[in-house]
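The values are calculated or read from the model by the stated rules, or taken from the named source; none is laboratory data. Predicted model, so just to flag it, every value in this text is computed and none were measured. Please note: Cβ atoms are built from the backbone with ideal geometry, for glycine as well, and neighbour counts cover all protein chains shown. What goes into the accessible areas is simple: the full protein's heavy atoms, side chains included, and nothing from ligands, DNA or RNA. Shrake-Rupley method; radii C 1.70, N 1.55, O 1.52, S 1.80 Å.
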2 protein chains.
Amino acid sequence: MQDEQFKSNTRRAVHDLRELIFSGELAAGTDHLESELAERLNMSRTPVREATLMLEAQGLLEVRPRKGVRILALSADDMDEIYEVLTELESLAAALAADAQYCKKDLNILAQSIDDMEVAVTNEDRVAWAKADADFHHELVRLSKNSRIMAIVSNFNDQVRRARMTTLHIRPLPQKSNEEHRALYDAIVSGDSKAAREIHWNHRTSARKMLTELLDSHGLKRV
Amino acid sequence: MQDEQFKSNTRRAVHDLRELIFSGELAAGTDHLESELAERLNMSRTPVREATLMLEAQGLLEVRPRKGVRILALSADDMDEIYEVLTELESLAAALAADAQYCKKDLNILAQSIDDMEVAVTNEDRVAWAKADADFHHELVRLSKNSRIMAIVSNFNDQVRRARMTTLHIRPLPQKSNEEHRALYDAIVSGDSKAAREIHWNHRTSARKMLTELLDSHGLKRV
DNA sequence: TTCCTCATTAATGTATACATTAATTAATTC
DNA sequence: GAATTAATTAATGTATACATTAATGAGGAA
């Protein structure tokens, strides 16, 4: 055990590599040898190998022996695939949340994140908005009480993280978005799973359309 | 490199451990130390460690240091979660397949597996039926042209494999099942994505209900 | 008998040496 | 100059030694 916080070097490597990938320091499309990563992380190759296997399973990189570990870049097709699944599973989560008949107290975090988004839009604080938006979606999926949906959604959100951060500062300030969040909240409060599913599906579909158009209009073929 | 067929011991370990898990030889709920598995597979601990990390990511086992690698057993709740996702994503796949406007030639494999199922039911050959059924579902998802849906569905099918094999010999011979397969095929041929989605959703939902009831009535709490 | 402490054991995580293998470079042939 | 072969280099996969750590068992005190 080399690091108190992470209990093992493998776990630290997973964490640190994720940070490097999301920050763009390990840029999408670049290749890195095990030995390079091991040096960079100041540990032997063994935990680095273990970490890269785990990150490959998360879809963040591809292990290519002798050519280097490639940090995966998403193509437009990748984005389409991911958002097809994300839209579907989050909409299912919304329906399940509505079916669960939560009382208002159980929905506090959801309501709070909507308010936070409102404040962020008023202040034109895009970073705060993005955080509150992520909190809303995360909480929505948690309310489905299906841990597997949570795992898949979380993983796909990791994969699109760079694209979302890239577009955060070039997209229009989200005005309509929160109306849809509120409508979804209301549908969940009233236990209307059909409405919840549709509202969220439309919300996600338009968000997806905007994301892909932005990337396209800025000539970002891979991100 | 120790094994020609698999290029590496790690890959062979993944393969062999999967076989052992699906066959029940490594029984659900049992714990196994790295050293035990290494002996069993006749290799050192290193590739075994790598393989168990990969299989953990596939949801087939849980790595529990010093307590042993636990072969995961599915509870009724697990089954619910898995089938919730499977139903949703396969139904999406069905809709995408219908949207794709395939010509009949492209749907040959789908049609063939329906015929194979018909023959299997006539012959009361449950194993052949199960194979044809799996082929049908696999082909359906492939027709969606979304590799991520394919990966998720494939992985969840792995997780429920033992449960399905367990119930294969105690369930009623599937008569109605193939009617639904044919109806789905027709909906895809005619490009009716709404019908495709609904037909498959109903098909999957009743199959799920039957599976969980069978496990329940036989007192199988975990499988 | 129960609880606590300490010693022992063994399982794990890691670093490293080494055999294998793939890629690159150099030398030779046409 | 291009193609082929041979030699060299380095990246990988693996086994193993070892340090660390968690679990277990033994012994002693209350």
Completion exercise
Counting only protein heavy atoms and rolling a 1.4 Å probe, one gets per residue an accessible area for the range A:76-217 in Å² of 46
Exercise for the section: Put a label point 7 Å from Cα along the Cβ direction on B:ASP158, then list its distances to the equivalent points in the other copies in nm, shortest first. Expected result: 1.6
Completion exercise
Taking Cα atoms only, helix B:9-22 is inclined relative to the longest principal axis of chain B by an angle, in degrees rounded to 10, of 60
Fill in the blank from the handout: Under a Gaussian network model of chain A whose springs join Cα atoms within less than 10 Å, the largest fluctuation of A:TYR83, A:TYR185, A:TYR102 belongs to A:TYR102
Practice task
Let me know the shape class of the range A:50-94, please: from the alpha-carbon gyration tensor, a ≥ b ≥ c as square roots of the eigenvalues, rounded when a/c is under 1.5, otherwise prolate if a/b is greater than b/c, or oblate.
Solution key: oblate
Handout entry: In the range A:50-140, the GluC sites (Glu not before Pro) that fall in loop regions by DSSP, at most 12 other Cβ within 10 Å
Key = A:GLU124
Practice task
For A:PRO65, place a label point 7 Å out from Cα along the Cα→Cβ vector, do the same in each other copy, and report the separations in nm, one decimal, smallest first.
Solution key: 2.8
Practice task
Round to the nearest 10 and give me the degree value, 0 to 90, for the angle of helix B:126-143's Cα axis relative to the longest principal axis of chain B.
Solution key: 80
Exercise for the section: Compute the projected area of the convex hull of the Cα atoms of the range A:76-217, averaged over all viewing directions, and report it in nm² to one decimal place. Expected result: 7.5
Practice task
Enter the Cα centre distance for the pair the range B:26-46 and the range A:74-99, rounded to the nearest angstrom.
Solution key: 37
Completion exercise
Residue by residue through the range B:89-102, the couplings from Karplus 6.51 cos²θ - 1.76 cosθ + 1.60 with θ = phi - 60°, in Hz, x for Gly and Pro, are 6, 5, 5, 4, 4, 4, 5, 5, 5, 5, 4, 6, 6, 5
Handout entry: Tensor-based shape of the protein assembly as shown (alpha-carbon gyration tensor, a/c under 1.5 rounded, otherwise prolate or oblate)
Key = oblate
Completion exercise
Axis carrying B to A; for chain B the Cβ-nearest residue and its rounded Å distance come to B:ALA57, 2
Handout entry: Drop in accessible area of at least 50 Å² in the complex versus isolated chain, residues of the range A:59-102, 1.4 Å probe
Key = A:GLU81, A:GLU84, A:VAL85, A:GLU88
Practice task
Once the label point is placed 7 Å from Cα along Cβ, list for A:ASP186 the distances to the corresponding points in the other copies, in nm, shortest first.
Solution key: 4.1
Exercise for the section: Please give the residues from the range A:144-173 for which the solvent-accessible area of heavy atoms, probe 1.4 Å, is smaller by at least 40 Å² with all protein chains in place than with the chain isolated. Expected result: A:ASN146, A:ARG148, A:ILE152
Exercise for the section: Roll a 1.4 Å probe over the protein heavy atoms and report the accessible area of A:VAL14 in Å², nearest 10. Expected result: 20
Problem - Nearby aspartates and glutamates by direct alpha-carbon distance to A:LYS104 (threshold 16 angstrom, same-chain neighbours under 8 apart not counted) - result: A:ASP115, A:GLU139, A:ASP186, A:ASP192
Completion exercise
Straight-line reach check, B:LYS7, cutoff 26 Å on alpha carbons, 8 or more apart in-chain or any other chain, hits among lysines -> A:LYS67
Handout entry: Within the accessible area of the protein assembly as shown (1.4 Å probe), percent carbon and sulfur
Key = 49
Practice task
Excluding residues on the same chain fewer than 8 positions from B:LYS176, give the lysines whose Cα lies under 18 Å from its Cα.
Solution key: B:LYS131, B:LYS209
Practice task
Please report the buried accessible area for the interface of A with B, total over both chains, probe 1.4 Å, in Å² to the nearest 100.
Solution key: 2100
Handout entry: For chain A, calculated [θ]222 nm from helices alone, where every DSSP H run of n ≥ 4 adds -39500 (n - 2.57)
Key = -22500 deg cm²/dmol
Problem - Kirkwood Rh (inverse of mean 1/r, distinct Cα pairs), the range B:162-223, angstrom - result: 12.9
Problem - Principal axes of the range A:9-71: Cα extent on each, largest first, Å - result: 24, 24, 20
Handout entry: Cα-Cα separations in the range B:25-146 greater than 19 Å, expressed as whole percent
Key = 65
Completion exercise
Between the Cα axis of helix A:176-189 and the main Cα principal axis of chain A, the angle (0 to 90°, nearest 10) is 70
Exercise for the section: For chain B, calculate the relative contact order in percent as a whole number, restricting contacts to Cα pairs under 8 Å that are 6 or more residues apart. Expected result: 24
